[in-house]
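One structure is given here, and the rest of the page talks about it.
The values are calculated or read from the model by the stated rules, or taken from the named source; none is laboratory data. Just so it is clear, the structure is predicted and the values come from calculations on it, not from any experiment. All Cβ positions, even for glycine, are placed from backbone atoms using ideal geometry, and neighbour counts span all protein chains on display.
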Amino acid sequence: MICILLVVLAILLLLYAALKVYVAIEEKKRADAPGNTEAYDVDNLEKHEDSPLTGKTILFLGSSVTEGAAAEGQSLVELFETLDGVKAIKEAKSGTTLVDKNSILAAIAFGNGDSYVKRIKQIDTSAKIDCVVVQLSTNDATMKQPLGEISESMELSAFDTKTVTGAMEWIIAYARETWGCPVVFYTGSHYDSAEYAAMVERLFALRDKWDIGVIDLYTDEAFNAIDTETYDFYMFDPIHPTKAGYYEWWFPKMEADLIEILAD
């Protein structure tokens, strides 16, 4: 019995080491992507003087896209922070989901597998937060998490956070009750995924129920109408932008939309 346990332990250690090597190789590949040159480092970009967002404290809740996983950790958060003078709280962990379910793979590979629901509860409830911006996670679509149904209630206790819809509703209600601030969800740019398309459609329905802000990069045909060469420069893969992708493609629309939403 002891021998079997030792063999299992050895296999697990080998798998862990292999996963760490794979993550390191991927990080190197991402860093070397053409869209991640030094010219796109935030310190080399022109600041936006007199931005309406200057001084606002914004909580950014998400996973790898919010983290900047394919852009050496520089995402839209650093752009809002450096270019617009936003006081950013970045709560982003790769591989995690909206659905309140721990990701063992994310915990092993990236050190934290906690869901959006669990992590937002760790933010200081006494903080003065002007807006919560939430990434509509592609991980839920990739992992085929249950979409769930829209609740008739607006009470925290009514939402099934083991579903995508329930988790989204819980986050909206929690943010409003805790900080009394606007909640804005943003999507990724378009990629082929029936599951993510269904999540985007559900997000629009929740916008109607909760009167939240939505920054829609997914269904905007004009936004997504770029040539293949430019797309390949902007995106490391169908989900993750490079530094150039964030700065030249995603950020202009996200910045304009967020300013408009917060002005209402």
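Matching residues to (1) buried (at least 19 other Cβ atoms within 10 Å of the Cβ); (2) within 30 Å of A225 (Cα to Cα):
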position: I104; (1), (2): no, no
position: K128; (1), (2): no, no
position: K144; (1), (2): no, yes
position: E149; (1), (2): no, no
position: S153; (1), (2): no, no
position: F159; (1), (2): yes, no
position: T165; (1), (2): yes, yes
position: T178; (1), (2): no, no
position: S189; (1), (2): yes, yes
Margin query: Given the options S157, S137, name the one that is without any contact (Cβ under 8 Å) to a residue 40 or more places away in the chain and hydroxyl-bearing (S, T, Y).
Written below: S157
Next item on the list: Could you please let me know if R207 is within 12 Å of L136 (Cβ to Cβ), buried (at least 18 other Cβ atoms within 10 Å of the Cβ), at pLDDT 95 or above and charged (D, E, K, R)?
Entry: no
Next item on the list: Scan the range 43-84 residue by residue and report those that are outside any loop (DSSP other than H, G, I, E, B) and surrounded by fewer than 16 Cβ atoms within 10 Å (Cβ to Cβ).
Entry: D43, N44, T57
Next item on the list: Would you mind finding the one in I172, I212, I259 that is free of Cβ contacts under 8 Å to residues at least 60 places away in the same chain and either over 16 Å from L98 (Cα atoms) or acidic (D, E) (or both)?
Entry: I212
Next item on the list: Please go through the range 33-42 and pick out each residue that is among the hydroxyl-bearing types (S, T, Y) and not in a helix (DSSP H, G or I).
Entry: T37
Next item on the list: Name the residue, out of Y234, Y186, Y174, that is within 16 Å of the chain's Cα centre (by Cα) and hydroxyl-bearing (S, T, Y).
Entry: Y186
Check: Which condition number in (1) farther than 16 Å from Q135 by Cα; (2) in contact (Cβ under 8 Å) with a residue 60 or more places away in the chain is the one that M199 fails?
Finding: (1)
